[in-house]
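Visitor: Just passing along the structure, written as structure tokens.
The values are calculated or read from the model by the stated rules, or taken from the named source; none is laboratory data. Note that the structure is predicted; figures quoted are calculated from it, not measured. Positions of Cβ are backbone-derived with ideal geometry, glycine not excepted, and every protein chain shown enters the neighbour counts.
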């Protein structure tokens, strides 16, 4: 079975973000693998271990953002890793999906896995848009993928923690929310070994603008509040104070 994993670098959440017009000031930001894509990669590696096949990781972005995470994918067990484009501006979900589909379409993968969404935009559109371009069926908010005969048993999560099991045939595109197991740790030495092996490939991407209909017009940091109010006293006094505060706010 041939599996492709679509990955994206996102700003490291431990960084201090600064706004630059309609986007973050990315010049001095550190980037990490999107956590949902990490779960998609883990699910791909679990399937490879269970039924065999190959795993190829793809990422769009500048070399500074994506090279290390692609080498990490190799160190974890991916057979190949490929960078799409080089030194490109951030793309919206429509443009990302189009670039992924154009790159992986000719390879005819049996299964394409992607994170359900990216932590910096939360649109959740890349997997389904890529599926539409490829002509593959799609399922999102996936929390488990297991082999099932000549197909897969896929568990999808709905609102309120409700889950449902489906049988999925190949080819298919899945948007993964969580893998069956936590993403595996890989030692820095193995990542360095992957970097030294020269296993990272790249493919040119035609210059493209953002194709979505949603356009950011401005960004700003949230207004700073006045801070928390500490309520002192015994339980009865504290409960009375809480009631007063809620009443004044019109909540009760």
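Listed here are the residues, each with its yes/no results for (1) surrounded by 17 or more Cβ atoms within 10 Å (Cβ to Cβ); (2) within 18 Å of residue 197 (Cβ to Cβ).
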{"position": "43", "(1), (2)": "yes, no"}
{"position": "47", "(1), (2)": "yes, no"}
{"position": "51", "(1), (2)": "no, no"}
{"position": "55", "(1), (2)": "yes, yes"}
{"position": "64", "(1), (2)": "no, no"}
{"position": "69", "(1), (2)": "yes, yes"}
{"position": "79", "(1), (2)": "no, yes"}
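Visitor: Does residue 140 qualify as being in contact with a helix residue (DSSP H, G or I) (Cβ under 7 Å, 6 or more places away or on another chain) and modelled with pLDDT of 90 or more?
Guide: yes
Visitor: Restricting to segment 164-179, what's the tally of residues that are assigned to a loop (DSSP other than H, G, I, E, B) and closer than 23 Å to residue 123 by Cα?
Guide: Total satisfying the criteria: 3.
Visitor: If residue 19 passes every condition in (1) touching a strand residue (DSSP E or B) at 6+ places or on another chain (Cβ under 9 Å); (2) surrounded by fewer than 19 Cβ atoms within 10 Å (Cβ to Cβ); (3) farther than 26 Å from residue 196 by Cβ but one, which one does it miss?
Guide: (1)
Visitor: Also, I was wondering about something else. Conditions first: (1) surrounded by 11 or more Cβ atoms within 10 Å (Cβ to Cβ); (2) out of contact with any helix residue (DSSP H, G or I) (no Cβ under 8 Å at 6 or more places or on another chain); (3) at pLDDT below 90. Residue 205 passes all but one, so which condition is the exception?
Guide: (2)
Visitor: Just checking: which of the strands (runs of 3 or more DSSP E) contained wholly in segment 1-85 hold 2 or more residues that are modelled with pLDDT of 80 or more and farther than 20 Å from residue 105 by Cβ?
Guide: Filter on segment 1-85 gives 2-11, 31-33.
Visitor: Looking at segment 93-115, is at least one residue in a loop (DSSP other than H, G, I, E, B), in contact with a helix residue (DSSP H, G or I) (Cβ under 9 Å, 6 or more places away or on another chain), at pLDDT below 95 and within 17 Å of residue 9 (Cα to Cα)?
Guide: Scanning segment 93-115, I find no residue that is in a loop (DSSP other than H, G, I, E, B), in contact with a helix residue (DSSP H, G or I) (Cβ under 9 Å, 6 or more places away or on another chain), at pLDDT below 95 and within 17 Å of residue 9 (Cα to Cα), so the answer is no.
Visitor: Would you check which residues across segment 138-158 are surrounded by fewer than 18 Cβ atoms within 10 Å (Cβ to Cβ) and under 18 Å from residue 125 (Cα atoms) and list them?
Guide: Scanning segment 138-158 gives 143, 157, 158.
Visitor: Kindly indicate whether any position in segment 209-231 is under 27 Å from residue 122 (Cα atoms), in a loop (DSSP other than H, G, I, E, B), modelled with pLDDT of 90 or more and in contact with a helix residue (DSSP H, G or I) (Cβ under 9 Å, 6 or more places away or on another chain).
Guide: Checked against the condition, which is being under 27 Å from residue 122 (Cα atoms), in a loop (DSSP other than H, G, I, E, B), modelled with pLDDT of 90 or more and in contact with a helix residue (DSSP H, G or I) (Cβ under 9 Å, 6 or more places away or on another chain), segment 209-231 yields no hits at all.
Visitor: Let me ask something else about it. Taking segment 122-137, which residues are farther than 15 Å from residue 156 by Cα, in a loop (DSSP other than H, G, I, E, B) and out of contact with any helix residue (DSSP H, G or I) (no Cβ under 7 Å at 6 or more places or on another chain)?
Guide: Scanning segment 122-137 gives 122, 135, 136.
Visitor: Taking residue 163 as the residue in question, decide whether it is in contact with a helix residue (DSSP H, G or I) (Cβ under 6 Å, 6 or more places away or on another chain), closer than 30 Å to residue 146 by Cβ and surrounded by 10 or more Cβ atoms within 10 Å (Cβ to Cβ).
Guide: Numbers: in contact with a helix residue (DSSP H, G or I) (Cβ under 6 Å, 6 or more places away or on another chain): no; closer than 30 Å to residue 146 by Cβ: yes; surrounded by 10 or more Cβ atoms within 10 Å (Cβ to Cβ): yes.
Considered against the rule, which asks whether it is in contact with a helix residue (DSSP H, G or I) (Cβ under 6 Å, 6 or more places away or on another chain), closer than 30 Å to residue 146 by Cβ and surrounded by 10 or more Cβ atoms within 10 Å (Cβ to Cβ), residue 163 comes out as no.
Visitor: Would you confirm whether any residue within segment 231-252 is surrounded by 12 or more Cβ atoms within 10 Å (Cβ to Cβ), out of contact with any strand residue (DSSP E or B) (no Cβ under 9 Å at 6 or more places or on another chain) and within 20 Å of residue 73 (Cα to Cα)?
Guide: The answer is no; no qualifying residue exists.
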